[in-house]
Each structure stands twice: as structure tokens, then as C-alpha cells.
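Input: a single structure, listed below in C-alpha cells.
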Amino acid sequence: METLEVKTISLWIMAVLYTIAGILHFVIPKFYLRIMPPWIPYHKFMVQVSGVAEILLGLGLFYPPTRSLCAWGIVFLLIAVFPANVYHFQSRTKRDPPTVLLLVRLPVQLLLIYWAYLYT
């Protein structure tokens, strides 16, 4: 029973974090626009689409019938945004977090993928 409670709490935390992260795409779009690799077209549109996706996927984790599908969506979204994280690391400016944090974020992405995979 205790494991179920931890897993439920973990799920709710993940759902809230992705929902908030998606909202942030609309609150601070300049941050997301700045880390878009130049080879990706339609930066503003892509930031908005990924924001909507994070909101819908995060909210979908709360609803048991869509939970697995949304967890898979988060796995694929994390894979899709990985190039932006690499580009952010490579193109860091003084306004960005320290280089070491941007570097650590790359393997953390694998942990986030695993975390979402737990609910597929």
C-alpha cells in the first residue's frame, strides 16, 4: 500500500510539473525561443505547440483512461525537445544558468523519460 501512495504522489507531482512547464511557454516565451536550435522552423509556433502539448499531457496524467497515452506522449516530447537542451548548452549566454547546470540537465532528461515511462 505504501508503494502505491508513493507512486500516486510521484504521478501527481509529474502531472503538475508538466502542466506548469507548459503554461510557462506562454508566460515566458522568450526563454523558450532563445533555446530553439536555428535549424528548427517556426520557432514561435513550435514553442506554442510544445507548451500546449505539455499542458494537455500533464493534465491527461490525472485521468486514468488517458494516463498511459499521456505518459508515452511525455516520453516522446522529452526526446523531441532534447536537441533544444543540447543547443541551449552549446549556445549558453550570461543570462542563462551556469554551464554545469545545463550540462547536468542532459542526462537528467533520461531520468525524466524513465519517470514518465513508469506510468505507461
Discussion item. If a residue must be more than 23 Å from Cys70 (Cα to Cα) and open to solvent by less than 100 Å² (accessible area, probe 1.4 Å), how many such residues does segment 1-23 contain?
Written reply: 0
Practice prompt. Would you mention how many residues in segment 24-65 are of a type outside the set (Val, Ile, Thr), open to solvent by less than 90 Å² (accessible area, probe 1.4 Å) and not in a helix (DSSP H, G or I)?
Written response: 5
Worksheet, complete the sentence: Of the residues in segment 13-30 that are touching a Leu at 6+ places or on another chain (Cβ under 8 Å) and without any contact (Cβ under 8 Å) to a residue 60 or more places away in the chain, the one that is farthest from Asp96 (Cα to Cα) is Ala15
Worksheet item: So which of Ala80, Ala15 ends up being outside any loop (DSSP other than H, G, I, E, B), in contact with a Gly (Cβ under 7 Å, 6 or more places away or on another chain) and hydrophobic (A, V, I, L, M, F, W, C)?
Response: Ala15
Discussion item. Checking the structure you have, find out if any residue of segment 94-101 is open to solvent by 70 Å² or more (accessible area, probe 1.4 Å), within 18 Å of Ser10 (Cβ to Cβ), assigned to a helix (DSSP H, G or I) and not hydroxyl-bearing (Ser, Thr, Tyr).
Written reply: no
Worksheet entry | Residue under evaluation Leu110, criteria (1) open to solvent by 60 Å² or more (accessible area, probe 1.4 Å); (2) under 20 Å from Val49 (Cα atoms); (3) not aromatic (Phe, Trp, Tyr), criterion not met | (2)
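The values are calculated or read from the model by the stated rules, or taken from the named source; none is laboratory data. Keep in mind it's a predicted model, so treat the numbers as computed, not measured. With ideal geometry, Cβ positions are generated from the backbone for all residues, glycine too; neighbour counts draw on all protein chains shown. Heads up: the accessible areas ignore ligands, DNA and RNA and are worked out on the full protein's heavy atoms, side chains in. Shrake-Rupley method; radii C 1.70, N 1.55, O 1.52, S 1.80 Å.
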